[in-house]
Amino acid sequence: MAPTATIGPATTISPATTALGIDVGGTGIKAAVVGPGGQLLARRSVPTPARHGADAVLDTVVLLAREVLAEAGPVHTAGLGTAGVVAPDGRSIAHATDALPGWAGTPVAERLEQGIGLPFTVLGDVQAFLAGEAALGAARGAATAVGVMAGTGVGGAVWANGALLRGATGAAGHLGHIAVPGAEGELCPCGRTGHVEALAAGPAMTGLFRRAVPTASATDLRDVARLAAQEHPKAVEVLTRGGRALGTVIGGVVAALDPDVVVLAGGVLDSGPWYEHALRAALSETTLPSLATVSVVRAELGSDAVLLGAAAAGRDAHAT
């Protein structure tokens, strides 16, 4: 009989139903052993040694994983969610930003399997977020769901027929780089112009406000939101414009996929009512009339969504 991990005096959980989940971001790494109902049986977190390169990041992941497994293991499977675009086979990093220098091309699954001794699947962070919401949160029970995360960037993911849709290159659902009316000429962090991220992400809206009102004191989106709460017309306009742009893009995605639910997450949603109200209105106005009442909900799992989704994806990928 397989060994079990014990929780409390009377509850045991088989390693076949637990999994190791890892969340690698530009600033922090989290690792946890996750039970079948989302229980975090053991967890650790440390800053990401991003400036030291991919090897340092992977070495840190291995050390954290060994610590949580020593406390609450054993498990049979593992998953990792990470910034960047993951190759469709869930093994390596296809593209990455400067937040993780040297991360692109890294064979993450292979390296971690060698260092930890568990089979790994790797997802993009927004993919892992949606996998978590589908397993345990706001998209639970949905056959088709769209996840949207708006923060320093705009990311998306698609859950279709009860599984993540990775796409031919791993970038399925990457809706931040869909062109949207009103963004013509606006530079996106990807280097192209006209994408919704250039209007709807936090830094983009802060930049737009500072260009419009160069005398105002606004170092980040929190300042813009504070000014909007004081009824500054340009601050309200920038937040409304960003929300409408993202809502318009989501409306097109809804028309293409007809999902059961759209799950919203990200720090931009905390900037006051203007952004989300405009997003919902634009979605309703621009999608097919029969789809205008699609369920649009806030995410439920908070900052642990990527961690929980990575564990769930690892468990599903290697289920026997």
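Nothing in this text is a laboratory measurement; each read-out follows from the coordinates by a stated rule. Every value quoted in this text rests on a predicted model; they were computed, and no experiment measured them. Neighbour counts are summed over all protein chains in view; Cβ atoms, including those assigned to glycine, are modelled from backbone coordinates with ideal geometry.
Annotations for the structure displayed:
- Count Lys and Arg as plus one, Asp and Glu as minus one, and take only other residues whose Cβ is under 15 Å from that of Ala50; the net charge is then -3.
- Sorted from greatest to least, the principal axis extents spanned by the alpha carbons of region 190-280 come out as 44, 29, 18 Å.
- Think of each Lys and Arg Cβ as +1 and each Asp and Glu Cβ as -1; about the Cα centre, that makes the dipole of the chain roughly 200 debye.
- The gain in end-to-end length when the Glu237 to Asp59 segment is fully stretched comes to 59.5 nm, 0.36 nm per residue minus the alpha carbon separation.
- Charge dipole (Cα centre; +1 on Lys/Arg Cβ, -1 on Asp/Glu Cβ; no other charges) of region 141-299 amounts to roughly 200 debye.
- Two-site label geometry, Arg140 and Ala216: point separation in nm, points 7 Å out along Cα→Cβ: 4.0
- Region 141-299 - share of DSSP beta bridges that are antiparallel (%, nearest 5): 55
- Computed packing ranks the peptides 279-289, 303-313, 198-208 as 303-313, 198-208, 279-289, most packed first, by mean other Cβ atoms within 10 Å.
- Inter-centroid distance (Cα atoms) of region 283-320 relative to region 62-107, Å: 21
- Close amide H contacts of Leu123 (hydrogens built in the peptide plane, cut-off under 5 Å, sequence separation of 5 or more or a different chain): Leu80, Gly81, Thr82.
- Net charge over other residues, Cβ less than 11 angstrom from the Cβ of Ala245 (K, R count +1; D, E count -1): 0
- Gain on full stretching of the segment that runs from Gln114 to Leu288 - 0.36 nm per residue minus C-alpha separation: 57.7 nm
- Rounded to two decimals, the Cα radius of gyration of region 141-299 over 2.2 N^0.38 Å is 1.02.
- Kyte-Doolittle at least -1.0, axis length at least 24 Å by Cα - qualifying DSSP helices, the chain: 54-72, 233-257
- Ala104-Ala281 FRET efficiency (beta carbon distance; Förster radius 41 Å; 0.05 resolution): 0.60
- For the chain, averaging the sequence separation of C-alpha pairs within contact (under 8 Å, six or more residues apart) and dividing by the residue count gives a relative contact order of 19 percent.
- Toward the positive end of the charge dipole of region 141-299, with +1 on the Cβ of Lys and Arg and -1 on the Cβ of Asp and Glu, the farthest Cα among Gly155, Phe209, Val262 is that of Phe209.
- Length gained when the stretch Asp89-Gln39 is fully extended (0.36 nm per residue, less Cα-Cα span): 15.2 nm
- The helix-only estimate of mean residue ellipticity at 222 nm for the chain, built from DSSP H runs of length n ≥ 4 each weighted as -39500 (n - 2.57), is -11500 deg cm²/dmol after division by the residue total.
- Summed residue charge, Cβ within 15 Å of Ala198's Cβ, Lys/Arg positive, Asp/Glu negative: +2
- The separation of region 202-234 from region 121-164, counted between C-alpha centres, amounts to 30 Å.
- Counted over the chain, the DSSP beta bridges are approximately 60% antiparallel.
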